[in-house]
Amino acid sequence: MAYVIEDTCISCGACAEVCPTESISEGASHYEINADTCIDCGACAETCPTESIHPA
């Protein structure tokens, strides 16, 4: 199960920096996670300062 980023994301990029599979990229309004390459490690969620990342 991949993680998702909610609209409360402030686009700081902290999650993208720690993603071991480079599954996180900047979207139109906030960062987004590619569910096809996400390995469900949770590193992004632990790093997010706004707690905007949760399991799908």
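The values are calculated or read from the model by the stated rules, or taken from the named source; none is laboratory data. The structure presented is a predicted model; accordingly, all values stated were derived computationally and were not measured. In this analysis, Cβ positions are derived from the backbone assuming ideal geometry, glycine residues included, and neighbour counts consider all displayed protein chains. Please note that ligands, DNA and RNA were not included when accessible areas were found on the heavy atoms of the full protein model with its side chains. Shrake-Rupley method; radii C 1.70, N 1.55, O 1.52, S 1.80 Å.
Only one residue in 43, 2, 56, 14 is modelled with pLDDT under 95 and open to solvent by less than 40 Å² (accessible area, probe 1.4 Å). Which one?
Sole residue among the options that is modelled with pLDDT under 95 and open to solvent by less than 40 Å² (accessible area, probe 1.4 Å): 2.
Sort out which residues of segment 19-29 are surrounded by 15 or more Cβ atoms within 10 Å (Cβ to Cβ) and not small (Gly, Ala, Ser), and write them in order of number.
Matches in segment 19-29: 19, 24.
What is the number of the single condition among (1) free of Cβ contacts under 8 Å to residues at least 24 places away in the same chain; (2) open to solvent by less than 70 Å² (accessible area, probe 1.4 Å); (3) not acidic (Asp, Glu) that residue 9 does not meet?
Looking at each condition in turn, residue 9 falls short on (1).
Please list, ordered by residue number, the strands (runs of 3 or more DSSP E) wholly in the chain having 1 or more residues that are charged (D, E, K, R). Please lay out each step first, then the result.
Details: elements: 3-5, 24-26, 31-33, 53-55.
Hits in the chain: 24-26, 31-33.
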